[in-house]
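Below is one structure, written out as structure tokens, with a few remarks after it.
Only the coordinates and a few stated rules stand behind these numbers; no lab work does. Please read these numbers as outputs of a predicted model, since none were measured by experiment. FYI the Cβ positions are ideal-geometry reconstructions off the backbone, even for glycines, and counts take in every protein chain you see.
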Amino acid sequence: MDEPLKVEAGVKVRDHIDLIEEPETFSYHQFFHQYMIGNSPCLFSSKFTESWGSRRSWVSADNEPNWNHLLRNFGDAAVPVANCDVKEYNANPKEQVPLREYIEYWRECRENASPSPRGCLYMKDWHMQREYPDHDVYETPEYFSSDWLNEYWDAVAVDDYRFVYMGPAGSWTPFHADVFRSYSWSANICGRKKWLLFPPGQEEHLRDCHGNLPYDVTSAALQDPDLYPDCQKCCPPIEVTQEAGEIIFVPSGWHHQVYNVIDTISINHNWVNGCNVAVMWQFLQRELTAVQQEIAEWKDTMDGWDLHCQVIMKSCTGINYREFYAFLKMIAQRRFEALETTAVDVPAEERMAPGPRHAVFDLQKIADVLSALIDNGDFQKLDVETLDPPPKQLLRQLKTAIAQKSPA
Ligand SMILES: O=C(O)CCC(=O)C(=O)O
Ligand SMILES: [Fe+2]
């Protein structure tokens, strides 16, 4: 079926989602409103990655991974490798191996053209950027630059949400939604991926008779109404093919399953900002509820049950309510500082540009979520007056700054 042409210059529809073709004519403002606020997926053409070092040095003339370059530069790095043939809960078990060893395996797979006895191995979630910050590999496009998640984790700890993936044809990532229900962008350095995307809420129809989400949405078991009673209600996924050099934007809370159609290397970031921090907060509340249900039987007999729930939440989810407060506080304080050095009389269309001009919008979104946090009964049980500053004081500061800096 022919897909309609979009009216906007430089935007086409391909595989039912927008393909943004021209960096020159696509503004941050457009991405902000249409895709981040709209929570709608899109693809960016390979023109957006043309200047990246990795698009040249990580790829050989025949568009295959440049093994020798990778070995020379990163051969000793310890990288996480998942076994796609083994299901552990709803993911694959991982082990750390030197990249050199993984590339050896990959080359053997190709030469033998038959499945390896070691299974289908997929190198994923390697924090390459953190380990090799000085290599000229890629630049984060401006569209994805309002990134509170990496801003916070860079500042407080040795952690980040910037990853490299490499895998042979047939390697894949099981059905999931991203950490904290963040956005993700993923750029193919070489290769081709097939994405199955489900709008938020559709996954509810994919729960089995015990309430669990599937590991593989293409499994024949989903057609069995005794096992998956609501599966027929689920809309078919949006199936997107992403070619070399293209970047896909996966919005918040969209479940997805991903295949490497041919040998593929990709770079991906997860990020949260003022457009989806409320989605993250909703997710954290659901995570806490799940922990509370899990240990409900000890609620009346255990000292410090609420604190205990927070400890479990931190270990399962990676963050708890106090840390979420610390996250909001740090971003707020950085925006206060930015505003002290920025003029406010900028034209409206520039106010949403990345950087400090985003600050008033960011403060407003932090204030909205902080109000909800302050009103939350589970948060109130956590000795919040000992936080520095106490949450209500931070909220007052936010409101004052917003009132002063908002254009009349
Ligand atoms: O490329 C993959 O295998 C998975 C990537 C993914 O899930 C993401 O970027 O959110
Ligand atoms: Fe993902």
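The table below gives the values:
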{"quantity": "Theoretical gain in end-to-end length, GLU22 to ASP76 [0.36 nm per residue, Cα-Cα removed]", "calculated": "15.6 nm"}
{"quantity": "Alpha carbon centroid spacing (whole Å) that separates the range 215-259 from the range 282-336", "calculated": "29"}
{"quantity": "Whole-number percent relative contact order across the chain, with pairs defined as alpha carbons under 8 Å at least 6 apart", "calculated": "17"}
{"quantity": "Computed lengthening from LEU227 to ALA296, 0.36 nm per intervening residue step minus Cα-Cα distance", "calculated": "22.1 nm"}
{"quantity": "Trypsin sites (Lys or Arg not before Pro) within the range 43-139, DSSP loop, no more than 16 other Cβ atoms inside 10 Å", "calculated": "LYS87, ARG118"}
{"quantity": "Per-residue Cβ neighbour rank within 10 angstrom, fewest leading, THR140, THR341, THR49, THR289", "calculated": "THR341, THR289, THR140, THR49"}
{"quantity": "Label point distance in nm, GLU337-CYS235, each placed 7 Å from Cα along Cα→Cβ", "calculated": "4.3"}
{"quantity": "Debye log10 I(q)/I(0) for the range 277-405, one point scatterer per Cα, at q = 0.13, 0.20 Å⁻¹", "calculated": "-0.60, -1.11"}
{"quantity": "Label-point separation in nm, GLN404 to VAL13, each point 7 Å along Cα→Cβ", "calculated": "4.8"}
{"quantity": "Gain on full stretching of the segment that runs from ILE37 to ASN112 - 0.36 nm per residue minus C-alpha separation", "calculated": "22.3 nm"}
